[in-house]
Amino acid sequence: MFAALIIVGAVTVLQAARIGRLGGGHLLITGVTPHYIAVSVIALDEGGPAVFASLIVLSSVFYLALAVWLPLLRRIIAPVVSGTVLMLIAAMIIPISFDRLKDVPEGASTAAGPCVAAVTLIVATVLVLRAPGKWRPWSLMIGIGAGCAAAAPFGLYDFGKLDVVSWVRIPDTGFPGLVLAPTAGFWALAPMFLIVTMI
């Protein structure tokens, strides 16, 4: 998570500052995309961290190569096509999300996950649809806060760790390596990653 925040911040700064051909010269908040969740889970389950890291590197290189052809691709990949693919990706994530609802600490109520998810979803959705304009950008953040508040009574937080864990620290580094000799599993997963990258 820490590394993702650093990368997102660096890319946002680079996008705002025009340096040669890099950056658009305007503020564009870069965020982590959920589009890769489904294919990433499959890659980790089937090939492990090394295969997953290799597929991410391949997708990054493919994305950079696509930048030159974006005007042409806009005519081929119309909004209807990309929208349909994104809806299918969302449908693939639904089973993963429902499995996460059961991931609660031992001894916690089985209703904790669904209740917290419902509170988060309802608050965020209502704010997006009904809140005044200046509050809408904060809808997701407020929804997450409401979900955290709903999780506390269920005992989903271990406040005892606050006295043990460091508030600020550099995360442990651990690079799983890359697959230099791609296997059949790698090539089977590569098209899925490239399609998501292209969309």
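What is the number of the single condition among (1) outside any helix (DSSP H, G or I); (2) at pLDDT below 80; (3) surrounded by fewer than 13 Cβ atoms within 10 Å (Cβ to Cβ) that Gly160 does not meet?
Evaluating Gly160 over (1) outside any helix (DSSP H, G or I); (2) at pLDDT below 80; (3) surrounded by fewer than 13 Cβ atoms within 10 Å (Cβ to Cβ) leaves (1) as the failure.
Looking for whichever is over 22 Å from Ser40 (Cβ atoms), of a type outside the set (Ser, Thr, Tyr) and surrounded by 10 or more Cβ atoms within 10 Å (Cβ to Cβ) here; the options are Ala90, Ala108. Which one fits? Before you say what the answer is, go through the steps one by one.
Numbers: Ala90 fails: over 22 Å from Ser40 (Cβ atoms).
Ala108 is the lone residue from the list that is over 22 Å from Ser40 (Cβ atoms), of a type outside the set (Ser, Thr, Tyr) and surrounded by 10 or more Cβ atoms within 10 Å (Cβ to Cβ).
Quick one: would you say Leu162 is over 30 Å from Phe193 (Cβ atoms), more than 22 Å from the chain's Cα centre (by Cα) and either among the hydrophobic types (A, V, I, L, M, F, W, C) or in the same structural domain as Val196 (by TED's automatic domain parsing) (or both)?
Details: over 30 Å from Phe193 (Cβ atoms): yes; more than 22 Å from the chain's Cα centre (by Cα): yes; either among the hydrophobic types (A, V, I, L, M, F, W, C) or in the same structural domain as Val196 (by TED's automatic domain parsing) (or both): yes.
Answer is yes for this residue.
Taking Leu140 as the residue in question, decide whether it is touching a Pro at 6+ places or on another chain (Cβ under 9 Å), under 29 Å from Ala111 (Cβ atoms) and either in the same structural domain as Ile6 (by TED's automatic domain parsing) or of a type in the set (A, V, I, L, M, F, W, C) (or both).
On the way: touching a Pro at 6+ places or on another chain (Cβ under 9 Å): no; under 29 Å from Ala111 (Cβ atoms): yes; either in the same structural domain as Ile6 (by TED's automatic domain parsing) or of a type in the set (A, V, I, L, M, F, W, C) (or both): yes.
It is false that Leu140 is touching a Pro at 6+ places or on another chain (Cβ under 9 Å), under 29 Å from Ala111 (Cβ atoms) and either in the same structural domain as Ile6 (by TED's automatic domain parsing) or of a type in the set (A, V, I, L, M, F, W, C) (or both).
Which residues, counting only those in the range 122-157, are small (Gly, Ala, Ser), in a helix (DSSP H, G or I) and within 16 Å of Ala112 (Cβ to Cβ)? Walk me through it before giving the result.
Residues of the range 122-157 small (Gly, Ala, Ser): 124, 131, 133, 139, 143, 145-147, 149-152, 155.
Okay, now just the ones that are also in a helix (DSSP H, G or I), so 124, 139, 143, 145-147, 149-152.
Once the filter is applied, which keeps residues that are small (Gly, Ala, Ser), in a helix (DSSP H, G or I) and within 16 Å of Ala112 (Cβ to Cβ), the range 122-157 yields Ala146, Gly147, Ala149, Ala150, Ala151, Ala152.
Regarding the range 36-55, can at least one residue be identified that is within 18 Å of the chain's Cα centre (by Cα), in a helix (DSSP H, G or I), at negative phi and acidic (Asp, Glu)?
Within the range 36-55, one or more residues are within 18 Å of the chain's Cα centre (by Cα), in a helix (DSSP H, G or I), at negative phi and acidic (Asp, Glu).
Can we say Val85 is out of contact with any His (no Cβ under 6 Å at 6 or more places or on another chain) and among the hydrophobic types (A, V, I, L, M, F, W, C)? Walk me through how you get there before you give the answer.
Values: out of contact with any His (no Cβ under 6 Å at 6 or more places or on another chain): yes; among the hydrophobic types (A, V, I, L, M, F, W, C): yes.
Yes, satisfied.
Specify the residue that is modelled with the highest pLDDT; the eligible residues are those in the range 82-93 that are more than 14 Å from the chain's Cα centre (by Cα) and of a type in the set (Val, Ile, Thr).
Thr84
Kindly provide the set of residues from the range 165-191 that are surrounded by fewer than 16 Cβ atoms within 10 Å (Cβ to Cβ), among the aliphatic types (A, V, I, L, M) and assigned to a helix (DSSP H, G or I), ordered by number.
Those that are surrounded by fewer than 16 Cβ atoms within 10 Å (Cβ to Cβ), among the aliphatic types (A, V, I, L, M) and assigned to a helix (DSSP H, G or I): Ala184, Ala188.
Please go through the range 10-27 and pick out each residue that is under 20 Å from the mean Cα position of the chain (by Cα) and either among the β-branched types (Val, Ile, Thr) or exposed (fewer than 12 other Cβ atoms within 10 Å of the Cβ) (or both). Can you show your working first?
Our first condition is that a residue be under 20 Å from the mean Cα position of the chain (by Cα); within the range 10-27, this holds for 10-13, 15.
Correct list: Ala10, Val11, Thr12, Val13.
Of these, Val32, Val85, Val8, which one is part of a loop (DSSP other than H, G, I, E, B) and in contact (Cβ under 8 Å) with a residue 12 or more places away in the chain? It would help to see each step written out before you state the result.
Numbers: Val85 fails: part of a loop (DSSP other than H, G, I, E, B); Val8 fails: part of a loop (DSSP other than H, G, I, E, B).
Of the residues listed, the single one that is part of a loop (DSSP other than H, G, I, E, B) and in contact (Cβ under 8 Å) with a residue 12 or more places away in the chain is Val32.
Yes/no per residue for (1) farther than 22 Å from Ile89 by Cα; (2) free of Cβ contacts under 8 Å to residues at least 24 places away in the same chain; (3) outside the structural domain of Val8 (by TED's automatic domain parsing):
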residue: Leu28; (1), (2), (3): yes, yes, no
residue: Val41; (1), (2), (3): no, no, yes
residue: Leu44; (1), (2), (3): no, yes, yes
residue: Pro49; (1), (2), (3): no, no, yes
residue: Leu55; (1), (2), (3): no, no, yes
residue: Leu58; (1), (2), (3): no, no, yes
residue: Leu66; (1), (2), (3): no, no, yes
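Failed condition for Val179, given (1) out of contact with any Ser or Thr (no Cβ under 9 Å at 6 or more places or on another chain); (2) at pLDDT below 85; (3) among the β-branched types (Val, Ile, Thr), with all others met?
Single failed check for Val179: (1).
The values are calculated or read from the model by the stated rules, or taken from the named source; none is laboratory data. Bear in mind the structure is a predicted one, so any value in this text is a computation, not a measurement. Heads up, the Cβs are rebuilt from the backbone with ideal geometry, glycines too, and the neighbour counts pull from every protein chain shown.
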